[in-house]
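Just below is one structure, and these are the notes that go with it.
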Amino acid sequence: MNTERRKFNNYDEYINLANNCINDIEAWNTACNMQWYSTYNDINIIIDGYKKYLSDFPNGFFVQKAKEQVRKLKNDANAWDLACKQNTIGGYQKYLKNFSKGLFIEQAHNHINDIKTWKSSNMTKNIESYQQYLNKFPNGFFINQAHDCINDIETWNKVCKIKTLEICQTYLNKFPNGFFINQIHDCINDIETWNKACTIKTIESYQQYIDDFPNGFFVEQAEDAISKEKINKQNLIVFLNGIAVVTFYIILAFVWSFWFILIGIGVIGGSIYIADEVFDLDLKFDNDNIFYVLSAIMGTTIFCFVVGLINNGIFIMFSILFLSILGAFMSTIDDI
């Protein structure tokens, strides 16, 4: 607008010019106030405000300023758009350096903090750090990744707790590129080897599992199983030794019993014969006498058998045999 002093032909011309100046200033103020819309989605509204001013007042007081603002805003928007596409700390820092008074300074700082927090969370790889990220940036760039990472870790924790092939396969299906994809294959081998060892149930199979997986899921169980197998093996050896000893004493007792039965029968028969001939006792064997003789022989046999199981001492057996024979002999004498 030409601001040089001029002459007015009439009063109305003066009034019209004054009104145009007022409208010019008001339109400029309106365009400047549009900068309160400071988000990326509204920057076009700000530019449109300055363009409207230029359209309504092509010769206005603020034409050059309006054109300069449009240029700056377009450069600002383009630089911000590039920084968002890169979505890196370096990209946002470059924007802040080139547009220290740009419309997106606050967003740039927030995005930098977003990325830094995410990188820190992703380094620790635990549920707590990812949850902290979600709490701090509920609308952040990486909220979907954070939820996926939490699910990844929770599923892995289930694998370590349940320790079955089914849960391992579930992890593989849900997270083919998960944090623990290498470990999950090791876990499958771990579980399969353990199942094989449990099927064989030998000290060698359990020891082979420990050698193959010194830090495996089932090392403690394998060590306990080895200890139990060793105890069972020792108990079996003791049991078999006991059977062998008992069998030996049984056989020995039968031999001794049979031997002393023969001796007992001979001694009893001989004693009866000598007594009958020498003392002319006229011994008579009836059913009672025969019962006494057989009872003495059976008593001798049983007692020798029992004592033979406990102690095969010859002196004890001979003593018992002598007493039994004496009792049998005495039972056959009616009167001397």
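Each value in this text was obtained by applying a stated rule to the coordinates, not by laboratory testing. Source: prediction; values computed, not measured. Please note: Cβ atoms are built from the backbone with ideal geometry, for glycine as well, and neighbour counts cover all protein chains shown.
Between ASN189 and LYS119, the contour length at 0.36 nm per residue exceeds the alpha carbon distance by 21.9 nm. A simple count of charges around THR88, restricted to other residues whose Cβ falls under 13 Å of its Cβ and scoring Lys, Arg +1 and Asp, Glu -1, yields +3. Just subtract the alpha-carbon distance of GLU220 and ASN151 from 0.36 nm times their residue separation and send over the number in nm, one decimal. Contour length minus the Cα-Cα distance gives 22.0 nm. Of the peptides 162-169, 237-244, the ranking by mean beta-carbon count within 10 Å, highest at the top, reads 162-169, 237-244. The length gained on full extension between PHE248 and LYS65, counted as 0.36 nm times the residue separation minus their Cα-Cα distance, comes to 53.8 nm. Between ASN235 and GLN169, the simple label model (points 7 Å from Cα in the Cβ direction) yields a spacing of 3.7 nm. For the listed residue pairs LYS65/LYS116; LYS125/LYS201; LYS161/LYS196, the alpha carbons are over 27 angstrom apart in LYS65/LYS116; LYS125/LYS201. Setting aside same-chain residues fewer than 8 positions from LYS72, which lysines have a Cα under 18 Å from its Cα? Answer for LYS72, where 18 Å is the Cα cut-off: LYS51, LYS52, LYS94, LYS97, LYS101, listed by chain and number.
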